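Notes follow the structure.
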Amino acid sequence: MINKICNAGSCLCPSKWKKIFSIIFLFSTYFNIFNFFCLQFFVGGNWKCNGTKDSIKKLVGELNSATLENDVDVVVAPPFVYIDQVKNSLVDRIEISSQNSWIGKGGAFTGEISAEQLVDIGCKWVILGHSERRHIIGEDDQFIGKKAAYALSQNLKIIACIGEKLDEREAGKTFDVCFQQLKGFADHVSSWANVVIAYEPVWAIGTGKVATPEQAQEVHAAVRDWLKKNVSAEVASETRIIYGGSVNGSNCMDLAKKEDIDGFLVGGASLKGPEFAIIVNSVTEKKVIA
Ligand SMILES: O=C(CO)COP(=O)(O)O
């Protein structure tokens with residue numbers, strides 16, 4: 001192939017040019033193979049109910065000066081009240097998500113924020129079905145599924161969270177719980193093009209007890225299989241499934257190596273810019289595998 005390129009350039013192709021062509025050829029082949037085998041890596045930072053104007057200014061400064069790998073979608077989800085501040089100060093390379101949205105069009109819904117309003121202030125994403133909303137606020141599968149459909153209809157992309165509690169895992173119900181929550185989304189979502197699924201085992205959230213790469217991979221593979229059987233093979237192969245639950249700068253590398261882990265949703269560690277950047281850049285582990 002390299003000879004063909006060189007020959008096409010006639011006999012004027014000295015060995016130096018051959019070397020340059022070789023490097024370009026190997027480089028492009030490497031990235032084509034990587035893109036062929038891997039979905040675009042996705043890393044989201046869920047800041048939850050944390051921060052002040054000052055601490056967020058500092059965090060945004062850290063993110064703005066971080067060196068982030070190019071081929072990763074990076075999204076941060078500040079508390080609603082700071083979205084505008086972040087939007088006005090964060091580099092465009094990082095997109096903004098909200099942590100929730102209302103189930104339908106705005107109106108007389110005290111304390112709620114509509115998808116239209118989020119789009120209006122520059123949000124591209126919304127996190128829906130987070131376990132803290134399921135288990136503390138009491139949102140159920142169908143309510144969350146309807147929210148997802150409405151957000152998608154307003155051109156927000158969604159990070160659809162699922163995950164089992166500790167007692168459910170110990171009772172051997174991990175797959176049943178995750179599939180039931182997935183069904184809640186599938187009952188209402190007609191196109192999955194703008195959906196990222198986040199598997200976040202509740203027992204791993206904020207506990208420092210991360211799922212092992214094998215535990216996470218097992219559920220991610222099962223989720224992909226569920227999508228194949230219940231939605232379509234295309235959706236199964238094209239939908240990113242990211243892991244969340246005590247991800248940090250030390251454990252992200254081993255998790256990223258797993259075939260069906262297409263990125264992360266990060267809580268606590270996303271509040272520290274340099275550590276979040278390490279997690280974003282763990283995509284390099286994926287490239288090694290590819
Ligand atoms: O809930 C999470 C992200 O949505 C994970 O939180 P931690 O990374 O703090 O465990």
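Per-structure values
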read-out	value
Enumeration of residues in the range 252-267 that are surrounded by fewer than 18 Cβ atoms within 10 Å (Cβ to Cβ) and either touching a residue at least 40 places away in the same chain (Cβ under 8 Å) or among the polar types (S, T, N, Q) (or both)	Asp254, Lys257, Glu259
Residue under evaluation Val202, criteria (1) touching a Phe, Trp or Tyr at 6+ places or on another chain (Cβ under 8 Å); (2) closer than 17 Å to Glu164 by Cβ; (3) of a type in the set (A, V, I, L, M), criterion not met	(1)
Every residue from the range 238-257 that is within 13 Å of the ligand (Cβ to nearest atom), in a loop (DSSP other than H, G, I, E, B) and either β-branched (Val, Ile, Thr) or touching a Cys at 6+ places or on another chain (Cβ under 8 Å) (or both)	Val247
Conditions (1) within 16 Å of the ligand (Cβ to nearest atom); (2) closer than 29 Å to Val283 by Cβ; (3) in a loop (DSSP other than H, G, I, E, B): number failed by Val126	(3)
Residue check, Asp54 in the same structural domain as Gly206 (by TED's automatic domain parsing) and either over 15 Å from the mean Cα position of the chain (by Cα) or at pLDDT below 50 (or both)	yes
Entirely in the range 164-237, the helices (runs of 4 or more DSSP H) that have 2 or more residues that are crowded, with 18+ Cβ neighbours inside 10 Å and either within 16 Å of the ligand (Cβ to nearest atom) or of a type in the set (A, V, I, L, M) (or both)	174-186, 213-230
Any chance Glu275 is of a type in the set (D, E, K, R) and within 19 Å of Trp47 (Cα to Cα)	yes
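The values are calculated or read from the model by the stated rules, or taken from the named source; none is laboratory data. Computed from a predicted structure; not experimentally measured. Positions of Cβ are backbone-derived with ideal geometry, glycine not excepted, and every protein chain shown enters the neighbour counts.
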